[in-house]
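Working notes, structure below.
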Amino acid sequence: MKYFSLQNKQHIVSFEEAVVQGLAPDKGLYFPERIPAFDKAFLDDIVNKDDLDIAYAAIQPFVGDEIPAAVLKQIIADTLSFPFPLVNVEDNIYSLELFHGPTLAFKDVGARFMAGCLGYFRRNDSRPVTVLVATSGDTGGAVAAGFYNVPGVRVVILYPSGKVSTLQEKQLTTLNGNITALEIAGTFDDCQRMVKTAFLDAELQAHCLLTSANSINVARWLPQMFYYLLAYKQLMAKHRDVVFSVPSGNFGNICAGMMAAAMGLPVKHFVASTNVNDTVPRFMQTGAYTPGKATATLSNAMDVADPSNFVRILELFANSLPALKEKLTSMSFGDADTVTTMEQVWREHQYMLDPHGAVGYLGLKKYLSAAGPVANTAGVFLETAHPVKFADTAPVSLQDKIVTPERVQSLYDLEKQSVELPAEYNALKQWLTAN
Ligand SMILES: *Cc1c(COP(=O)(O)O)cnc(C)c1O
């Protein structure tokens, strides 16, 4: 498969180039040259298929012959080494739990898949590559865990001091090995600005080979198709139709689901549920794309004003708003509704939502009630993070009911190791050159 830049369709690269570069030199996102189609017989028989074979069928056309089948199968097996349970919360409403990976959020899948691909592409190169990433919390942990011990790759993560949760900081700062956490005396925007400056600095690049593990990388974006296929497999015995509601920030996750649908996965409708950062819901109403400034919310992994993957969704629909509206509804919810929903779902169903999942649940319920009762339709919201990741800000009435999974309990006892730096680009450059 070849990929083109959404800024310039004449700029065409291989899968390897798209993965190693992340973003095209003209700053465009890469997009596959054609949309592959699922084999209909395969989908009809999906209940009898192995999860790993389903994932392989979905991703192989995007990789082509650039990674040998046996290696790709191993990367998939490493990526999907934890469960993706579909939990029936009430009636026809299901939670697709994507938080059973090492860092308790769905980003583990994309980060692990990308780490496997990059590790393979770098296998014969003696020059180590530095993955440089800025994080507001979840991405850094997933990238650190995904790239931990991958040969030939070192990971440098910038995070804003005092602005990530306790558990998130432990995930960033306790692995060590090929992972270094730079604790920046500033905000997430400072971290992001420092990273962006590094990617534009030719002098630094002559010194060390830099790459990004940003969510726009095709190797992080595309494997998210797996969630939708695995959910469909679990549902199709009982339901005729499925509606997915995806709590969305940068719109990478939902865009992967829409790609799977474009390939033939029968999905009746998608709901993009956002917090008050409502650029896309407003666009769907008015046709005007006017991102403002991001507002801080309880579902902070979705505090994005200008979602980078939305251009990919538009591309899937040939930039036609009427065509997009037939497949996608987008709705925005505030923190007050989020909290009320978390409390209500616990009270009525003893199911613990995290703030992101709560936004997804709200969008799903609102869409289904507006659509009217449809027999046999399953509504699925994606539960993108474990509630414990956001326990610090959970409603007081729920805090003592959130259970910490055993596999992260030991993290709290490990000693944090970080390098403290001021929020200045020169400090980063100096550190990268010296280390
Ligand atoms: C990153 C993240 C999201 C948003 O996903 P996008 O693909 O950026 O839309 C939602 N929930 C959680 C918990 C996240 O970490």
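The values are calculated or read from the model by the stated rules, or taken from the named source; none is laboratory data. Keep in mind it's a predicted model, so treat the numbers as computed, not measured. For neighbour counting, all protein chains shown are included, and Cβ atoms are generated from backbone atoms with ideal geometry for every residue, glycine included. Ligands, DNA and RNA are excluded from the accessible area calculation, which covers all protein heavy atoms including side chains. Shrake-Rupley method; radii C 1.70, N 1.55, O 1.52, S 1.80 Å.
Before moving on, here are some points about what is shown:
- Selection over region 223-265 of residues that are part of a helix (DSSP H, G or I) and under 23 Å from T279 (Cα atoms) gives a count of 9.
- Any chance T384 is open to solvent by 60 Å² or more (accessible area, probe 1.4 Å), under 22 Å from the mean Cα position of the chain (by Cα) and polar (S, T, N, Q): no
- Scanning region 193-215 for residues that are open to solvent by less than 10 Å² (accessible area, probe 1.4 Å) and within 18 Å of A301 (Cα to Cα) turns up just one, A213.
- Which listed residue, of V143, V129, V155, is among the β-branched types (V, I, T), out of contact with any Leu (no Cβ under 9 Å at 6 or more places or on another chain), in contact (Cβ under 8 Å) with a residue 40 or more places away in the chain and farther than 30 Å from Q350 by Cα: V143
- Comparison of P61, P68, P102 shows that the only residue that is exposed (fewer than 13 other Cβ atoms within 10 Å of the Cβ) and not acidic (D, E) is P68.
- In region 6-27, residue farthest from S212 (Cα to Cα) [restricted to those that are under 19 Å from the mean Cα position of the chain (by Cα) and assigned to a loop (DSSP other than H, G, I, E, B)]: L23
- Unique residue being open to solvent by less than 70 Å² (accessible area, probe 1.4 Å), in contact with a Cys (Cβ under 8 Å, 6 or more places away or on another chain) and touching a residue at least 24 places away in the same chain (Cβ under 8 Å) when the list is I313, I402: I313
- Pick from region 266-285, criterion under 25 Å from R34 (Cβ atoms) and part of a strand (DSSP E or B), ranking: nearest to the ligand (Cβ to nearest atom): A272
- Any hit, region 120-131, residues being β-branched (V, I, T), in contact with a strand residue (DSSP E or B) (Cβ under 7 Å, 6 or more places away or on another chain) and closer than 30 Å to P373 by Cα: no
- Of all residues in region 316-341 being part of a loop (DSSP other than H, G, I, E, B) and of a type in the set (S, T, N, Q), the one that is most open to solvent (accessible area, probe 1.4 Å): N319
- Residue match in region 55-66 (condition: closer than 30 Å to A358 by Cα, part of a loop (DSSP other than H, G, I, E, B), in contact (Cβ under 8 Å) with a residue 12 or more places away in the chain and in contact with a helix residue (DSSP H, G or I) (Cβ under 7 Å, 6 or more places away or on another chain)): no
- Filter pass, D108 being within 14 Å of the ligand (Cβ to nearest atom) and either in a loop (DSSP other than H, G, I, E, B) or buried (at least 23 other Cβ atoms within 10 Å of the Cβ) (or both): yes
- For T340, the criteria (1) at pLDDT 95 or above; (2) over 21 Å from E97 (Cβ atoms); (3) within 16 Å of the ligand (Cβ to nearest atom) hold in every case but one, which is (3).
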